[in-house]
Amino acid sequence: VQLVESGGGLVQAGGSLRLSCVDSGRTFSLYRLAWFRQASGNEREFVSSISWNGGITHYADSVKGRFTISRDNANSTVYLQMNSLKFEDTAVYYCAAGRGSSGRHFDPSSYDYWGQGTQVTVSS
């Protein structure tokens, strides 16, 4: 598994961005996936997760109703559509992949593979 994020950038508050994370491996559909973010000086925090078939999704309260996670197993890609962006959404966003099932989808330690991150900056 090798995860590569893209789609970050600078956007004004209220704007939208769509992050993508592509896996170069051949077992993408077997993994549950998630997005985390880390703002400067803060710990890495859970944003959203999606089950292997896309049937189950979870969101942090801070992004619920604004962000949407989805996946395309045929193209080994997971997306994070971010709408109504706020200044406090500014962070480096990471995608992560985890083997098997886990009840701790919000816990970074339950994921086995990580991308390098993509910067999202929201100007107020």
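The values are calculated or read from the model by the stated rules, or taken from the named source; none is laboratory data. Model, not experiment: these values are computed from the prediction. Glycine also receives a Cβ, built like all others from the backbone with ideal geometry; neighbour counts cover every protein chain displayed. When the accessible area is computed, the model is the full protein with side chains, heavy atoms only, and any ligands, DNA or RNA have been set aside. Shrake-Rupley method; radii C 1.70, N 1.55, O 1.52, S 1.80 Å.
Structure above, values below:
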item	result
Accessible carbon and sulfur surface of the chain relative to its total accessible area, %, 1.4 Å	47
Using θ = phi - 60° and Karplus 6.51 cos²θ - 1.76 cosθ + 1.60, couplings along region 26-35 (whole Hz; Gly, Pro as x)	10, 10, 3, 5, 7, 9, 7, 10, 7, 10
Relative contact order of the chain, pairs being alpha-carbon contacts under 8 Å that are 6 or more residues apart, as %	36
Net charge, Gly115 excluded, C-beta distance under 11 Å - Lys, Arg +1, Asp, Glu -1	-2
With at most 16 other Cβ atoms within 10 Å, longest stretch of the chain clear of loop trypsin sites (Lys or Arg not before Pro) (DSSP)	1-25
For the chain, built as a Gaussian network whose Cα springs stay under 10 Å, the top-fluctuating residue of Ser20, Ser101, Ser70	Ser101
Mean accessible surface per residue for region 20-124, computed with a 1.4 Å probe while every protein chain stays in place, in Å²	50
GNM top mover of Ser29, Ser84, Ser48 - the chain, alpha-carbon springs below 10 Å	Ser84
GluC sites (Glu not before Pro) restricted to DSSP loop in region 1-109 with at most 11 other C-beta within 10 Å	Glu43
